[in-house]
Structure formats: structure tokens, C-alpha cells
Amino acid sequence: MNKLYKVLSFVLLAVFLLSACAPAATATTAPEQPTAEPTAVPATEAPAPEATAVPEQPAASTGPAGVLRLPLRPGVTVGSLWTAAGRHLDEAFLSGLVAVKWTADGVQPMLAESWEMEGEGTAFIFKLRQGVKWSDGESFTADDVLYTFSIYANPKVGAIHAGKLADVVGYADVKDGKTETLAGVTKVDDYTVRVELSTKSPLFVELKVPFISILPAHILASIPADQLKGNDYWNKVVGTGPFVMTNMVQDQLVEGAANPNYFEGQPKLEKIVFQVYADSNTMLAALEAGEIDGMLYQGGGIPVDQVSRFEALPNLKVFGNMDAGLPTFLLVNLKKDYFQDVRVRQAMMYAIDRKTIIETVKLGTGSVSNTMFPGAWARNDADLTDYQYDPEKAKALLAEAGWDSTRQIDLQRYYTDQVNKDTVDAIASMLQEVGINAVVREVKSAEFQASVDDGSLELAYAANGQGLDPSLGFLVTGCGQRLAVGYCNEQVDALYAQGQASADRAVRAPAYQEISKLLNADLPKVWLWWEVRPVAFDTRIVGLAEHYTEQPLLMFDIPVYNEIHLWYTK
């Protein structure tokens, strides 16, 4: 055992002994119901608040009356078509046809007041709300829906959720550049839209439609698709949401005022403010100082080693065991020839002592995973190889694969809190111990995303929020998907389609259980654990903490119906 690993082992043991003196958060089981794209946390480091610096008499929040203040990370103000965490802005300024209920038991009608399914899911007819106004006074109509669906699908736009429309008739022609209009989305009349699907998909409304925020055709339709990103529209969004954007300073600040014409009623809050913070540590410092009203899942939430400190603040409601529905893994670029031999990826699995990392560094939170899906119904653990810690087996597999131990491997980390730093350092040391020379590099969100796109990525510590439904795993394991980074198994793709062909879980489960088995064997990712992600909210906002009390898990990058128009300050 090398010197570095000996030192690490001592640190892990010390942390374990210390943590035994205080209660540790325990992971909850992800709900088995119908979330989404990996969220990258920027890595511009700021001094972390001292874990012991709890005021003897913490002051209550002194936030302004009628104002909700929330954090954002850098890179999300460019527009939600291109960034996952930008969906928080959509919840404020835009609306979709439907939104996921915070209780995770279906969807809430929004711009669509109702819908009908044809042919067991081969088409859907949406009846739109009448009388809805855009914030510039123009009327919302079916034309806006037709424009939005087609622009999301257009490859010139590069929307992160374009794949949600893959089942719509005409998607392939749009993707191939033959047309810019989805043939399957048609206008019946000004307030009725029909969407025809190329395959039976009875869960289309529940699983795909919530990711699409409707955009104003009367403003954007004249803008070429390849010029939409960076257009001035995103600096002064015209929408149908509960707030009207009043100020935008890219990567710094977004402000909005209550929309007096919001279709569900004028919000009780007068103003919403999104402040961009460099990293999770600055967000946490702002939360502790009473400068923001919540710590959302982005930024990593509250590190597990700091939960008790925030629980001591009287103005906060802390959810220390909040289920993140979050598979966490090493993202492996399978386009690199030296990662293509499955024995190399198997060796990584055997090299990492995941159980010890959870028990020590992660203070007992989370649970070991050997495949992707958090929902127990979507996997059969008895069919899965458990990859228990076995460094000697890892070394043997690498030898069989002809691994070059002199090659230095770049291991990216974009989480900035100490627990995640220690976690990735532990992983790197364990990989080094068996001959994989992984060197940790802290990166900003934009660097990580760019490395995926330009192919320079080797390894990254990453996660994929998808707790609501296993079908959302297609975004990171489907053929041709950006975050599959070279993985393609046509059998997996076919099983995803099979799993979406019914709304009955009993019918769907075998398909996802087979996918779980294949992902356990193929190892397109080095599976680590399912995470919890603690969050906290200032109780001066009535409705915010109450909302999360009822929400069973964090839902990533999809607008959630949270009745924000009913929230108010004490």
C-alpha cells in the first residue's frame, strides 16, 4: 500500500471514529414513481464557513417583506434550453403545458387545461387555456406550442431536452435537417393542439412534456434557430409565468415582479430575486447570513458534515435526509480506446471501497449502487454483480486488459464542498493503488461541459438526477445521447422503448430490470452510490418549507408545480 493511501486510510478511520459520536443522516429509499440531466456545480472556490462557527444566539432572518431570494450557480442565465439548472428561472417566468406535481403523483394542468389520449398513447390532444396573456400583452395560442415543440427538436438550437420529443412524428426529419417543423404537432384550432407519436407512449405527458417550457412565437419565430442562443430575448424574457422579468445581469442577477395577469392569480409575493453565487460555499455563507431564503439542490445542497450547524439556526427548516433520487458515478469517456475494455471499468468498480467511503467521509449518507435506477421496482438486485471491494482482483483485471499504469488519467471534480473533495480524493487514491494513475482536477461547470462536447473528458465525478422514473436514464445511457459519451447498446434502447409502452408499472418493470442488469454488466459508468442532498429554507417564506415537507424527493431540472403564487412572507 503506498504512502498516500496509508495517510488516506488513517484520515478515513479518524473521520469514522469522530462521526460515530454524532448521529449521521441516513439515506431514504427513492419513491417508486415517475427526473433528468446531470447538474454541474461551479468550482470557483470561496472560503467555507467554519463548521463550528454557530452563533450562540443566531439572529432570525431579516429579509425584505414580499421578496423571495434564491441562489443560482454561474452559467444558467443563458436560458433553459441549454442548461439544466436554468429550469428554476422557467418556474418563475415561463410555463409549460403541464408541470410535475411536487407530490410526485402525476402532473398538474398548466397552459393545457386538459388533454385526451388516442390509441393507447399514439397521439394526444391538448386543450389550451384561453385568455392567457404573455407578459407583453399578446395572447397565448396554439401557434406558441407548435413553434416551441419544433424549436426544441431543432438540432441547430442544441436544446438539452430535444430528446424528449424523439417519439413525435417528424422528429427524425427535423434532426436530419430536412425540415424545421415537427410534422406530428398540428394546430386543430387556436386553442387545440394534436401531437402524434411514432410509437405508443402512454406516459408522454407525464414524462416528456414537463421538460418543455412554452416560448412566444410572436417574438422568436423570426429568429434563425442557430441564432437563438445568445439572443437578447433571454435578457428580458417575455413569458406566461407567475413573475415578469424586470432585470437581468448575465451570470450575476435576475429579478422579477409579480405578474398581475398570471393565469392562476397574481402572486402574493411582490418580487423574486435570483442571485448568482460562485460556488456552494458562498451560497451556504449567504444562507447562514440570511441573505437568501433557500439552499436548493444545485450547489450540492448542504454538505452532510454541515447539516447540524444549519439545524441550529432558528429561522431555517432543514431537510437533512432529503432523497435526491440521484445516481452518482464516475463518468467515463468510452470514446477513449483505453476505456473500451470492460475489464478496465470492472477493475475501477473493484478498486473503490465504496462502503468505507460512505461510512466515513460521507457520514453514513447514501447507499451503494451497482446500477443506475434508484427506484427498487426498476431493478432486481439478486441479478446484479455487487462488485465488492477487491483491489487484488482489480489489479488482475487491469493486467489482463494490458492497462498502461504509466498513463495519467484526468479525474474532474466540479463539486466544491469539503465532503465531495474528500470523496473524490479517496476515489483517486484507491484507483492509484491498483495502477490507475487518476489525478484529481477541480473544474468549473463550463469546463466540464466543454470537455464532454470536445471529447477531452476522461473521468469525472458526476451525478444524474432521475429519481422519478427510470425512463429518464436514457439521457445518460441511450445511443447517441450526449452524456452517454460513447456508450451504445441497442438492446438497452429497445428496452427503454418497451418500458414506456405502458402506463402499468407491473408491465414496465421487467424492461427496466433487464436494463439494470445490462448496465451492471456493461458498466457504461462506474456506479458508486445513490445520494441524499440536504436542503434548507427560511421559514419567513410561508409555503416554501411547507412545499418541501410534502415533496418526497428532489426533482432535477424540470419545472415543478409548487403554487409559488400562493407563497408569502411573514
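The values are calculated or read from the model by the stated rules, or taken from the named source; none is laboratory data. Here the structure is a predicted model, which is why all the values come from computation and not from measurement. Positions of Cβ are generated from backbone atoms using ideal geometry, with glycine treated the same way; all protein chains shown enter the neighbour counts.
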### Qualifying positions in the stretch 249-267 - part of a loop (DSSP other than H, G, I, E, B) and within 25 Å of L128 (Cα to Cα)
N259, P260, N261, Y262, F263, E264, G265, Q266, P267
### Message
I need the full set of residues from the stretch 359-391 which are part of a helix (DSSP H, G or I) and crowded, with 20+ Cβ neighbours inside 10 Å, in order please.
### Response
A378
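Taking into account only those residues within the stretch 484-496 that are of a type in the set (A, V, I, L, M, F, W, C) and surrounded by fewer than 18 Cβ atoms within 10 Å (Cβ to Cβ), which is nearest to F339 (Cα to Cα)?
C488
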### Query
Got a sec? Which strands (runs of 3 or more DSSP E) wholly within the stretch 406-468 have at least 2 residues that are within 22 Å of V368 (Cβ to Cβ) and not aliphatic (A, V, I, L, M)?
none
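Quick check on the stretch 284-299. Is at least one of its residues of a type outside the set (A, V, I, L, M), part of a helix (DSSP H, G or I) and within 21 Å of the chain's Cα centre (by Cα)? Break it down stepwise before answering.
Taking the stretch 284-299 first, the residues of a type outside the set (A, V, I, L, M) are 288, 290-291, 293-294, 297-299.
Still in the running and part of a helix (DSSP H, G or I): 288, 298-299.
Okay, now just the ones that are also within 21 Å of the chain's Cα centre (by Cα), so 298-299.
Taking every residue of the stretch 284-299 in turn, at least one turns out to be of a type outside the set (A, V, I, L, M), part of a helix (DSSP H, G or I) and within 21 Å of the chain's Cα centre (by Cα).
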### Task
From the list G241, G230, pick out the single residue that is crowded, with 19+ Cβ neighbours inside 10 Å, more than 30 Å from D417 (Cβ to Cβ) and within 24 Å of the chain's Cα centre (by Cα).
G241
#### Entry: Candidates I219, I223, I272, filtered to the one that is assigned by TED's automatic domain parsing to the domain that holds A112 and not in a loop (DSSP other than H, G, I, E, B)
I219
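Conditions (1) among the small types (G, A, S); (2) within 28 Å of V237 (Cβ to Cβ); (3) touching a Pro at 6+ places or on another chain (Cβ under 9 Å), marked per residue:
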position	(1), (2), (3)
A258	yes, yes, yes
P267	no, yes, yes
K271	no, yes, yes
V276	no, yes, yes
V344	no, no, no
### Task
Within the stretch 270-303, track down each residue that is in contact with a Lys or Arg (Cβ under 6 Å, 6 or more places away or on another chain) and either modelled with pLDDT of 90 or more or basic (K, R) (or both).
V273, I292, D293
### Query
In this structure, is D136 acidic (D, E) and out of contact with any Ser or Thr (no Cβ under 8 Å at 6 or more places or on another chain)?
yes
### Query
Of the numbered conditions (1) under 23 Å from H88 (Cα atoms); (2) in contact with a Lys or Arg (Cβ under 9 Å, 6 or more places away or on another chain); (3) of a type in the set (D, E); (4) surrounded by fewer than 20 Cβ atoms within 10 Å (Cβ to Cβ), E550 satisfies every one except a single condition; which is it?
(2)
### Message
Just checking, does the stretch 479-493 include any residue being touching a Phe, Trp or Tyr at 6+ places or on another chain (Cβ under 7 Å), not assigned by TED's automatic domain parsing to the domain that holds K200 and not in a loop (DSSP other than H, G, I, E, B)?
### Response
no
### Message
Quick check on A394: is it over 27 Å from the mean Cα position of the chain (by Cα), surrounded by 15 or more Cβ atoms within 10 Å (Cβ to Cβ) and among the hydrophobic types (A, V, I, L, M, F, W, C)?
### Response
yes
### Query
Of all residues in the stretch 145-169, which are touching a strand residue (DSSP E or B) at 6+ places or on another chain (Cβ under 8 Å), of a type outside the set (S, T, Y) and at pLDDT 95 or above?
V145, L146, F149, A153, V168, V169
### Query
Out of Q266, Q340, Q346, which single residue is buried (at least 20 other Cβ atoms within 10 Å of the Cβ), among the polar types (S, T, N, Q) and farther than 22 Å from L72 by Cα?
Q346
### Summary
Note: among K187, K175, just one is among the basic types (K, R) and within 28 Å of the chain's Cα centre (by Cα), namely K175
### Query
Across the stretch 270-299, what is the total count of residues that are in contact with a Leu (Cβ under 8 Å, 6 or more places away or on another chain) and charged (D, E, K, R)?
3
### Task
Examine the stretch 545-554 for a residue that is within 26 Å of W82 (Cα to Cα) and of a type in the set (A, V, I, L, M), and state whether such a residue exists.
yes
### Message
Here's a check for you: in the stretch 129-172, which residue that is assigned to a loop (DSSP other than H, G, I, E, B) and of a type in the set (A, V, I, L, M, F, W, C) is nearest to the chain's Cα centre (by Cα)?
### Response
I160
### Message
Can you say whether D189 is over 24 Å from V78 (Cβ atoms) and surrounded by fewer than 16 Cβ atoms within 10 Å (Cβ to Cβ), as far as the supplied structure shows?
### Response
yes
### Output for the stretch 523-570, where each listed residue is part of a helix (DSSP H, G or I), over 20 Å from the mean Cα position of the chain (by Cα) and among the acidic types (D, E)
E546
